[in-house]
Amino acid sequence: ALISMRQLLDHAAENGYGVPAFNVNNQEQMRAIMEAADKTNSPVIVQGSAGARAYAGAPFIRHMILAAVEEWPHIPVVMHQDHGTSPGVCQRSIQLGFSSVMMDGSLMSDGKTPSSYEYNVDVTRQTVEMAHACGVSVEGELGVLGSLETGEAGEEDGVGAEGKLSTDQMLTDPEEAADFVRKTQVDALAIACGTSHGAYKFTRPPTDDILAIDRIKEIHARIPNTHLVMHGSSSVPQEWLEVINQYGGEIPETYGVPVEQIIEGIKYGVRKVNIDTDLRLASTGAIRRHLALNPANFDPRKYLAEATKAMTEICVARYEAFGTAGQA
Ligand code: G3H
Ligand code: 13P
Ligand code: ZN
């Protein structure tokens, strides 16, 4: 069944677990997420980005998610819009039937320029008014996502600040977070705590203090009833980078967020954990390997099935690690 994000994250908070929110662009990703959820009895958050809507078209994203609800009726599913750049974008998703939207007012509507606090409060509050009237949940964002190691926002089409960021910008302020939640009434708040989007988060193997866990604790202590969201939470599996590079890929040395540190965050109020890059890496590795080892194959179903299997394994691992398994 389709449920709102508030319903799911309230349950996650009561029971102390986190929920991975996977991005979907195609049927293989959707199927991998659902097969993993079915295997582990996990509730699901799937999210469509502006890039996904440009690639597949909003009706296809919507019907793919509805098809999953039909095929796996016993699994609760949140249909979430990722990184909305204006209240108008969120309004169109609500009209399409999304049960949750993100209004990312940390950046201007170009998705690149860091905004003022007042602008962020204003667009987020407007979105909440509209969404709550329709029973739809809202995620806001305060702070600018960026790697504490590199000071970069990360590489992603259409989402992320341009240029070098200061440490101050890259860490959400707990007092400001409290004021923001009071003024906007958001259900969930994406915070900046040292992660960035994409595959290039850290240039060296991450140490166990690569995220600002203390900052997460302080924010959670200040706004205990707001569900925290960690964007840029891919772990960038080294084994998939090796497979990609072994079969003709050229991806330089790079590292993601260790799963253990996400688990630390979940202890202090992180309830939604956004993951896109890991599924991209796993599917690309599986397809490269299949095509290299089966040069005569031209049936896309053969290599796409390999991609689905690789993504399913990642989803199962995250559902188990975050405590989502068994909660559906
Ligand atoms: O937040 C970013 C997500 O990874 C979506 O990326 O805009 O390339 O679909 P995308
Ligand atoms: P990754 O690029 O780390 O997978 O993050 C995805 C994300 O935050 C989507 O909103
Ligand atoms: Zn994001």
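Condition check ((1) of a type in the set (V, I, T); (2) surrounded by 15 or more Cβ atoms within 10 Å (Cβ to Cβ); (3) on the phi < 0 side of the Ramachandran plot) across all residues:
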residue: G135; (1), (2), (3): no, no, no
residue: E139; (1), (2), (3): no, yes, yes
residue: S147; (1), (2), (3): no, yes, yes
residue: G154; (1), (2), (3): no, yes, no
residue: A161; (1), (2), (3): no, yes, yes
residue: M170; (1), (2), (3): no, yes, yes
residue: E176; (1), (2), (3): no, yes, yes
Check: among the basic types (K, R) and more than 18 Å from the chain's Cα centre (by Cα) - does that describe any residue in region 163-172?
Finding: yes
Check: of a type in the set (D, E, K, R) and buried (at least 19 other Cβ atoms within 10 Å of the Cβ), is that true of R62?
Finding: no
Margin query: Checking the conditions here, which among V316, V236, V259 is within 16 Å of ligand 1 (Cβ to nearest atom), modelled with pLDDT of 95 or more and surrounded by 15 or more Cβ atoms within 10 Å (Cβ to Cβ)?
Written below: V236
Item checked: Lone qualifier among L107, L145 - being within 14 Å of ligand 3 (Cβ to nearest atom), touching a residue at least 24 places away in the same chain (Cβ under 8 Å) and within 16 Å of the chain's Cα centre (by Cα) -> L145
Next item on the list: Scan region 252-272 residue by residue and report those that are under 18 Å from I314 (Cβ atoms), within 14 Å of ligand 2 (Cβ to nearest atom) and either touching a residue at least 60 places away in the same chain (Cβ under 8 Å) or not polar (S, T, N, Q) (or both).
Entry: Y255, G256, V257, P258, V259, I262, K272
Check: In this structure, is E175 assigned to a helix (DSSP H, G or I) and either farther than 15 Å from R125 by Cβ or within 16 Å of ligand 2 (Cβ to nearest atom) (or both)?
Finding: yes
Check: Wholly within region 205-302, which helices (runs of 4 or more DSSP H) include no fewer than the required count, namely at least 2 residues that are more than 19 Å from P174 (Cα to Cα)?
Finding: 238-246, 259-267, 277-293
Note to self: Regarding region 244-253, can at least one residue be identified that is surrounded by fewer than 21 Cβ atoms within 10 Å (Cβ to Cβ), under 14 Å from the mean Cα position of the chain (by Cα) and at pLDDT 95 or above?
What the structure shows: no
Checklist line | P205 exposed (fewer than 15 other Cβ atoms within 10 Å of the Cβ), more than 23 Å from R92 (Cα to Cα) and touching a strand residue (DSSP E or B) at 6+ places or on another chain (Cβ under 9 Å) | finding: yes
Next item on the list: State all residues of region 148-196 that are of a type in the set (S, T, N, Q), within 16 Å of ligand 1 (Cβ to nearest atom) and in contact (Cβ under 8 Å) with a residue 60 or more places away in the chain; if no residue qualifies, say none.
Entry: T195
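The values are calculated or read from the model by the stated rules, or taken from the named source; none is laboratory data. Only a predicted model underlies this, so the values are computations on that prediction, with no experimental measurement involved. Using ideal geometry, Cβ is built from the backbone for each residue, glycine included, and neighbour counts are taken over all protein chains shown.
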